[in-house]
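Here the structure is laid out as structure tokens; the discussion comes afterwards.
The values are calculated or read from the model by the stated rules, or taken from the named source; none is laboratory data. No experiment lies behind these values; they were computed from the predicted model shown. Here Cβ is always computed from backbone atoms with ideal geometry, including for glycine, and neighbour counts include all displayed protein chains. Just so you know, the surface numbers come from the protein's heavy atoms only, side chains and all, with ligands and any DNA or RNA stripped out. Shrake-Rupley method; radii C 1.70, N 1.55, O 1.52, S 1.80 Å.
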Amino acid sequence: LAWVLTLICLNICGVIAFHTNYRTQTRNHVKIKQVYRTGYHLQPKKNWINGPMYYKGYYHLFYQYNPKGAVFGNIVWAHSVSKDMVNWIHLEPAIVPSKPYDKYGCWSGSATVLPGDKPVILYTGIVDLKPSPGHQVQVYAIPANYSDPYLREWIKPDDNPFLKPTSENISAFRDPTTAWYNNGHWKMIIGSRHNHRGIAYLYRSRDFVTWTKAKHPFHSKRDTGMWECPDFYPVAAKGTNGLDTSTLGKGVKYVLKNSLEVTRYDYYTIGRYDLIKDRYIPYNTSEDGWGGLRYDYGNFYASKSFYDPRKKRRVVWGWANESSTQSENIKKGWAGIQLIPRKVWLDPSGRMLLQWPISELETLRRNKMELNNVMVKKGDTIEVKGVNAVQADVDVTFTFSSLEKAELYDEKWAKFPHHDLGKSICTVRGAMVEGGLGPFGLMTLVSDNLEEYTPVFFRVFKTIYKKHKVLLCSDATPSSLNPDEYKPSFGGFVDVDLAEKKLSLRSLIDHSVVESFAEGGKTVITSRVYPTLAVTRNAHLHVFNNGYEPITIKKLNAWSMKTASIT
């Protein structure tokens with residue numbers, strides 16, 4: 001994936017540097033450079049996800065990285081290992097351009113662990129820079145020493161590249177997936193496009209060396225553009241346990257995720273796998289296209305999942321780019337971060353996935369603060385004191401006594417872009433626009449006098465058919481006084497039954513990122529923000545309500561988060 005990789009390289013490399021007073025030249029560049037650097041999100045020490053996996057007691061994360069700067073280019077596979085996916089050790093890059101077939105970059109791919117505990121990396125090599133963004137082939141690498149739990153050294157066998165484009169688009173032929181096994185063959189898919197049709201091509205192999213293209217695409221969809229970082233995996237119809245990628249049988253459904261190059265978001269469908277035809281068929285429970293379900297309705301791209309055999313769970317890992325300019329990225333020396341790993345499983349309705357931060361993150365919690373049964377009337381803000389507001393984990397349940405004051409859903413909003421409907425409504429109905437039931441929620445990264453704040457909030461609407469819609473917004477518009485930042489308002493609808501008249505929200509706040517999970521992970525939004533005043537000890541955390549219907553903080557737990565060990 002060309003674009004993603006650029007960003008991904010930038011993403012784990014570093015952080016942004018701004019003074020607490022935007023117009024004042026900093027005298028201590030090193031300190032200011034760390035203002036936006038995250039405390040418990042993985043990112044490189046400097047400059048710009050490929051194949052996460054678990055091997056011999058360690059979680060491995062491979063990711064795109066530019067060792068020469070916080071811009072796209074010189075792409076290698078950086079490598080970090082962890083016992084818990086929270087605290088990390090950076091190792092030397094696992095794969096670097098060294099052969100004619102990857103001379104211009106080692107782009108994204110995946111890891112597969114073969115029988116006998118033998119990992120293999122599949123990735124896209126760039127043979128030539130033309131045609132743009134590059135002539136692409138598929139390459140594999142194996143460990144030099146299988147007994148090394150860190151897998152420090154990788155070898156590219158002489159029979160590479162193992163797959164070259166024939167009839168495929170040579171500049172849109174990338175990102176091989178984790179392979180799965182059935183009917184005597186290993187199988188994997190590669191993302192592509194033909195004109196404006198997004199395509200996942202299927203390839204089969206008996207020996208994991210010689211691969212043959214299937215007669216028909218695994219799946220395709222018109223007018224979706226290039227499919228980057230495809231991901232295909234099974235999910236259990238019941239329960240929260242994950243499944244190995246090769247799992248078959250009753251009670252199994254399937255997920256196909258694609259990262260759309262045109263829109264820059266990840267969308268997925270849930271469907272069935274036709275083993276005879278080797279094709280994926282999505283159910284009609286959601287749109288298969290731009291307006292479909294997303295892992296995250298904010299700043300989230302190029303995700304990759306893996307099965308964790310240690311805890312029998314499926315984990316999804318996404319990446320968030322910066323919202324600052326390239327010149328600012330260069331000044332700060334890094335760009336982009338890995339988001340918190342999320343356990344993912346099928347909602348009991350069968351219509352969507354649920355996502356929740358991995359439980360290991362809770363080991364970083366410190367100094368718990370609580371609020372219980374506190375009423376918040378229209379115009380009220382209540383500060384949550386006693387926590388480090390720039391590095392916190394907040395979990396809150398709101399209740400309300402009536403739905404009667406919910407504002408009418410404006411049918412004129414049908415004119416907004418269908419695939420960005422939630423975002424468009426959040427843009428025109430911000431946190432300071434009074435409503436009926438909502439807006440209410442959290443104000444994160446708040447400056448002393450409300451010059452800057454990043455609100456994450458709910459709005460409840462009623463339609464002319466007396467149905468209710470719940471919208472979650474994460475609005476970066478008022479987040480910073482710096483006029484050069486990209487400060488969008490993101491939004492996504494929450495599929496929830498309001499019979500119990502309550503809504504829950506969890507937000508992970510980490511200096512320049514806010515990840516928010518509504519209703520147990522039904523809707524998730526990530527925002528990147530760069531305050532100039534609400535930094536370090538000058539940031540606050542508030543609960544607010546700007547709706548006519550009073551809401552009650554039924555229960556709020558907030559923790560300061562210890563800085564993770566990333567060495």
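Among residues of the range 388-402 that are buried (at least 24 other Cβ atoms within 10 Å of the Cβ), none has a beta-carbon under 7 Å from a residue that is modelled with pLDDT under 95 and charged (D, E, K, R) at least six positions away or on a different chain. Of all residues in the range 95-119, those that are in a strand (DSSP E or B), among the hydrophobic types (A, V, I, L, M, F, W, C) and over 19 Å from the mean Cα position of the chain (by Cα) total 4.
For the range 153-189, enumerate the residues that are open to solvent by less than 30 Å² (accessible area, probe 1.4 Å), in contact with a Lys or Arg (Cβ under 7 Å, 6 or more places away or on another chain) and within 14 Å of Lys213 (Cβ to Cβ). Listed by number, the list holds a single entry, Lys187. All of Ser305, Ser324 fail the test of being polar (S, T, N, Q) and either at pLDDT 95 or above or closer than 18 Å to Gly491 by Cα (or both), apart from Ser305.
The set of residues in the range 121-134 that are among the hydrophobic types (A, V, I, L, M, F, W, C) and surrounded by fewer than 21 Cβ atoms within 10 Å (Cβ to Cβ) comprises Val127, Leu129. Of all residues in the range 335-356, none are of a type in the set (Val, Ile, Thr) and either over 20 Å from the mean Cα position of the chain (by Cα) or on the phi > 0 side of the Ramachandran plot (or both). Of all the numbered requirements in (1) aliphatic (A, V, I, L, M); (2) at pLDDT below 95; (3) within 17 Å of the chain's Cα centre (by Cα), Ile330 misses one, and that requirement is (3). Residues of the range 204-240 that are of a type in the set (Gly, Ala, Ser) and crowded, with 23+ Cβ neighbours inside 10 Å: none at all. On the stretch given as the range 430-451, residues that are surrounded by 24 or more Cβ atoms within 10 Å (Cβ to Cβ) and in contact with a Lys or Arg (Cβ under 8 Å, 6 or more places away or on another chain) total 3. Scanning the range 347-363 for residues that are open to solvent by less than 10 Å² (accessible area, probe 1.4 Å) and either assigned to a strand (DSSP E or B) or closer than 20 Å to Val35 by Cβ (or both) yields Leu353, Gln355, Pro357. Of all residues in the range 247-273, exactly one satisfies the criterion of being open to solvent by 10 Å² or more (accessible area, probe 1.4 Å), among the basic types (Lys, Arg), out of contact with any Leu (no Cβ under 7 Å at 6 or more places or on another chain) and modelled with pLDDT of 95 or more, namely Arg272. Kindly evaluate Ser147 against the criterion of being on the phi < 0 side of the Ramachandran plot, at pLDDT 95 or above, open to solvent by less than 10 Å² (accessible area, probe 1.4 Å) and not acidic (Asp, Glu). It is false that Ser147 is on the phi < 0 side of the Ramachandran plot, at pLDDT 95 or above, open to solvent by less than 10 Å² (accessible area, probe 1.4 Å) and not acidic (Asp, Glu). Consider Glu452 carefully, then state whether it is touching a strand residue (DSSP E or B) at 6+ places or on another chain (Cβ under 8 Å) and farther than 30 Å from Gly39 by Cβ. Criteria not met by Glu452. Identify, from the list Ser474, Ser480, the residue that is under 19 Å from Asp296 (Cβ atoms) and either open to solvent by less than 10 Å² (accessible area, probe 1.4 Å) or not in a helix (DSSP H, G or I) (or both). Ser474 is the lone residue from the list that is under 19 Å from Asp296 (Cβ atoms) and either open to solvent by less than 10 Å² (accessible area, probe 1.4 Å) or not in a helix (DSSP H, G or I) (or both). Among the conditions (1) assigned to a loop (DSSP other than H, G, I, E, B); (2) out of contact with any helix residue (DSSP H, G or I) (no Cβ under 6 Å at 6 or more places or on another chain), the only one that Asp84 does not satisfy is (2). Sort through Thr224, Thr177 and tell me the only one that's within 22 Å of Lys118 (Cβ to Cβ), out of contact with any His (no Cβ under 7 Å at 6 or more places or on another chain) and hydroxyl-bearing (Ser, Thr, Tyr). That would be Thr177, the only listed residue that is within 22 Å of Lys118 (Cβ to Cβ), out of contact with any His (no Cβ under 7 Å at 6 or more places or on another chain) and hydroxyl-bearing (Ser, Thr, Tyr).
Here's the yes/no breakdown for (1) modelled with pLDDT of 70 or more; (2) farther than 30 Å from Gly191 by Cα; (3) in a loop (DSSP other than H, G, I, E, B):
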site	(1), (2), (3)
Leu10	no, no, no
Cys13	no, no, yes
Thr26	no, yes, yes
Val30	no, yes, no
Leu42	yes, no, yes
His60	yes, no, no
Gly69	no, no, yes
Trp77	yes, no, no
Pro93	yes, no, no
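Screening Tyr530 against (1) over 30 Å from Thr240 (Cβ atoms); (2) modelled with pLDDT of 95 or more leaves a single unmet condition, (2). Whenever a residue of the range 408-424 is open to solvent by less than 60 Å² (accessible area, probe 1.4 Å), its partners that are of a type in the set (Lys, Arg), lying with C-beta atoms within less than 7 angstrom and at least six residues away or across chains, give the pairs Tyr409/Lys462; Tyr409/Lys469. One residue stands out among those in the range 274-302 that are open to solvent by 10 Å² or more (accessible area, probe 1.4 Å) and of a type in the set (A, V, I, L, M): the one that is farthest from the chain's Cα centre (by Cα), which is Ile276.
Would you check if Lys118 is basic (Lys, Arg), farther than 27 Å from Arg206 by Cα and open to solvent by 10 Å² or more (accessible area, probe 1.4 Å)? When the stated conditions are applied, Lys118 does not pass them.
Provide a single number: the residues in the range 452-461 that are outside any strand (DSSP E or B) and open to solvent by less than 10 Å² (accessible area, probe 1.4 Å). Number satisfying all stated conditions: 1. Contact map, the range 337-351: residues that are of a type in the set (A, V, I, L, M, F, W, C) paired with residues that are open to solvent by 10 Å² or more (accessible area, probe 1.4 Å), Cβ distance under 6 Å, separation 6+ or inter-chain. Pairs shown: Ile337/Thr38; Trp345/Thr240; Trp345/Leu354. So, in the range 84-115, of the ones that are over 20 Å from Pro230 (Cβ atoms) and among the polar types (S, T, N, Q), which residue ends up least open to solvent (accessible area, probe 1.4 Å)? Only one residue fits best here, namely Asn87.
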